[in-house]
């Protein structure tokens, strides 16, 4: 693999190119989702790949999809690096173009009808929630009566959905706005499952020495069943802090994408493309954070 990582999968007949994932349709029911080493922050894709990042996200998603399927079904079938899974897709033309590096980053998943809402659960007040709270004493437009300090745990985990923008920035949604978008019944279902998933992962991560501060889930319907899709509890979609470093009142050291965000926040940049060039030390530290997160939470070694 190039030391620069895999920025594009460069396989034929791409179905969808997201900020990080390149998706290919295998047939009417199956997709190949290639998790590249691209990284985005503030909804803008950086111009450098983060080597090994796609492999880390694939392994971490696999871990959590398997660990949480008692809570809700999901779209995950397996990684293309698993010989049994590769054999399953070997008759599809794309299989011959998958080298070992791509296999490690490729998930075979069931096709789903996506619900176009980002389902965010917050256990601690940090990031955009902290910024909003300081200004208006609200989080996602919801009043928060408690007198909280930065990084403090919420008395109850809160559900703060947002729009899912293909281009540009995701926007916060109030409960009523979300209900108008997807209906009250579905809102209640995704809220319940999001909090249940977060609660389980939060307790598990704590037992391994990491705090899962917040995370984002995506859901869809597979054969009319509500299912977890996309990725699960990765350093791209979540904030992880070390228990040893955690102290309410200060922003803990991040073991996730927040390290890159923190660097970007001190640059002269308006959060519109193109992003500033990532220096090598920021790139290397980001890789290090992702590897630490994977190994601490899951016990998996790269």
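The values are calculated or read from the model by the stated rules, or taken from the named source; none is laboratory data. This structure is a prediction, so every number in the text was calculated from the model and none was measured. Because the Cβ atoms are built from the backbone with ideal geometry, glycine has one as well, and the counts that use them run over all protein chains shown.
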Which of (1) assigned by TED's automatic domain parsing to the domain that holds residue 233; (2) surrounded by fewer than 20 Cβ atoms within 10 Å (Cβ to Cβ); (3) without any contact (Cβ under 8 Å) to a residue 40 or more places away in the chain is the odd one out, the single condition residue 148 does not satisfy? (2)
Which of the residues spanning segment 240-265 are in a loop (DSSP other than H, G, I, E, B) and in contact (Cβ under 8 Å) with a residue 40 or more places away in the chain? 246, 247, 248, 249, 250, 251, 252, 255, 257
Hey, can you tell me all the residues within segment 147-168 that are out of contact with any helix residue (DSSP H, G or I) (no Cβ under 7 Å at 6 or more places or on another chain) and more than 24 Å from residue 197 (Cβ to Cβ)? 147, 149, 166, 167, 168
What are the residues in segment 2-38 that are touching a residue at least 40 places away in the same chain (Cβ under 8 Å), more than 20 Å from the chain's Cα centre (by Cα) and either part of a loop (DSSP other than H, G, I, E, B) or buried (at least 17 other Cβ atoms within 10 Å of the Cβ) (or both), if any? 2, 3, 4, 11, 12, 13, 26, 27, 28, 29, 30
Of the conditions (1) surrounded by 17 or more Cβ atoms within 10 Å (Cβ to Cβ); (2) in contact with a helix residue (DSSP H, G or I) (Cβ under 9 Å, 6 or more places away or on another chain); (3) assigned to a helix (DSSP H, G or I), residue 206 clears all except one; give me its number. (1)
Being out of contact with any helix residue (DSSP H, G or I) (no Cβ under 9 Å at 6 or more places or on another chain) and either under 17 Å from residue 54 (Cα atoms) or part of a helix (DSSP H, G or I) (or both) narrows it down to one of 292, 268, so name that one. 292
Can you run down the residue pairs with Cβ atoms below 8 Å, 6 or more apart or on separate chains, where the first is in segment 280-302 and assigned by TED's automatic domain parsing to the domain that holds residue 203 and the partner is surrounded by fewer than 12 Cβ atoms within 10 Å (Cβ to Cβ) and at pLDDT 95 or above? none
Could you list, in sequence order, the residues of segment 156-192 that are assigned to a helix (DSSP H, G or I), in contact with a strand residue (DSSP E or B) (Cβ under 8 Å, 6 or more places away or on another chain) and surrounded by fewer than 16 Cβ atoms within 10 Å (Cβ to Cβ)? 181
Among residues of segment 194-215, those that are closer than 13 Å to residue 232 by Cβ and within 16 Å of the chain's Cα centre (by Cα), counted: 7
Here the residues within segment 126-145 that are farther than 20 Å from residue 262 by Cβ and either surrounded by 15 or more Cβ atoms within 10 Å (Cβ to Cβ) or touching a residue at least 12 places away in the same chain (Cβ under 8 Å) (or both) are 139, 140, 141, 142, 144
